[in-house]
Amino acid sequence: MKYFPSSPGPDAPTMIPPGQEEVLSPSSEGDASRLEVAAILEGRTRIAGIGWRLTTGSVVGPVRAQTRRYGRTLISSEFAALRAGIRDAARSPGRDLVVLLSDRRAVALLRGEPRPLLRRAQSEALRLRASLGRFRSVRFESEFVPDAELAHAVGEALDVGLHAAAEREEHRVLVMERILARAREVHLEPSPEGWVANGRYRVSLHPMHCECPAWTTRWSRAPIAGRRAQRLPCKHIVALALREGVSVPADLSELARRAPP
Ligand SMILES: [Zn+2]
């Protein structure tokens with residue numbers, strides 16, 4: 001940890017040179033706000049629990065936690081918690097901030113150390129640093145271990161997210177079963193370029209595509225990867241899948257998930 005050279009007097013403001021935001025003067029450290037940040041990421045579902053707590057002077061703030069869908073990595077989840085915590089900190093009177101995170105790489109990025117393999121996280125770190133302009137000084141510390149209360153809140157947030165995901169998955173299979181019933185009524189005809197459904201829409205399974213409005217308007221331009229991952233196939237695509245022997249709702253919905261954007 002680096003400290004700015006000693007300040008000229010006990011009451012004089014600490015002048016921190018530009019680009020040295022992480023440097024905090026020893027005189028102001030006692031009054032600095034503390035922002036504790038924690039996150040857990042469940043690897044398969046990419047659901048994260050994130051949490052933070054802001055302490056301003058001697059006032060320990062409440063633990064806050066949220067569920068986050070489509071968390072990419074642990075670093076991006078910690079950054080999400082940090083972003084939320086900075087919003088709280090920006091409303092607090094403190095002008096010096098100490099940020100505690102557990103991930104060492106996240107802290108390295110926030111300190112401005114280059115990490116060529118973490119380009120996406122690096123640009124996120126730059127945006128976070130830019131959002132700290134109102135503070136006189138900011139210091140980042142790594143290897144923070146959350147206390148029981150913060151760890152529990154983050155764990156609860158993750159559980160809520162996992163539970164909701166399981167419900168969505170169940171709902172998805174129910175909807176898929178309805179599409180499957182309607183697919184059995186679809187009339188498929190071979191054409192020189194592939195298949196035509198109900199005499200109107202060209203439809204293909206590899207790659208998965210259909211010209212009908214259900215598929216094109218609802219999904220083809222879905223901008224967010226997470227939302228695309230939720231899409232279901234239309235009845236024409238399902239009719240074609242049935243011809244190829246794919247009839248399990250979960251398999252059909254998995255095919256649609258992996259369809260190109
Ligand atoms: Zn269709």
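Taking into account only those residues within the stretch 183-194 that are more than 10 Å from the ligand (Cβ to nearest atom) and assigned to a loop (DSSP other than H, G, I, E, B), which is modelled with the lowest pLDDT? Going through the qualifying residues, I end up with 193. Scanning the stretch 49-83 for residues that are hydrophobic (A, V, I, L, M, F, W, C), crowded, with 19+ Cβ neighbours inside 10 Å and closer than 23 Å to residue 111 by Cβ yields 50, 52, 54, 75, 79, 80, 81, 82. Of the residues in the stretch 163-176, none is assigned by TED's automatic domain parsing to the domain that holds residue 235, touching a strand residue (DSSP E or B) at 6+ places or on another chain (Cβ under 9 Å), more than 11 Å from the ligand (Cβ to nearest atom) and at pLDDT below 95. Which of the residues belonging to the stretch 232-251 are among the aliphatic types (A, V, I, L, M) and more than 13 Å from the ligand (Cβ to nearest atom)? Matches in the stretch 232-251: 242, 246, 248, 250.
Determine which member of the set 77, 131, 142 is in contact with a helix residue (DSSP H, G or I) (Cβ under 9 Å, 6 or more places away or on another chain), under 17 Å from residue 39 (Cα atoms) and among the polar types (S, T, N, Q). After ruling out the rest, the residue left standing is 142. Among the candidates 118, 97, the residue that is touching a residue at least 24 places away in the same chain (Cβ under 8 Å), of a type in the set (A, V, I, L, M, F, W, C), assigned to a strand (DSSP E or B) and buried (at least 16 other Cβ atoms within 10 Å of the Cβ) is uniquely 97. Within the stretch 203-217, can you find the residues that are of a type in the set (Val, Ile, Thr) and more than 10 Å from the ligand (Cβ to nearest atom)? The one that is of a type in the set (Val, Ile, Thr) and more than 10 Å from the ligand (Cβ to nearest atom): 217.
In the set (1) touching a helix residue (DSSP H, G or I) at 6+ places or on another chain (Cβ under 8 Å); (2) closer than 22 Å to residue 32 by Cα; (3) not in a helix (DSSP H, G or I), the condition left unmet by residue 67 is number (2). All of 197, 214, 222 fail the test of being more than 22 Å from residue 166 (Cα to Cα) and either modelled with pLDDT of 90 or more or of a type in the set (Asp, Glu) (or both), apart from 197.
The values are calculated or read from the model by the stated rules, or taken from the named source; none is laboratory data. Since this is a predicted model, take the numbers as computed values, not measurements. Cβ coordinates were reconstructed from backbone atoms using ideal geometry, including for glycine residues, and neighbour counts include every protein chain displayed.
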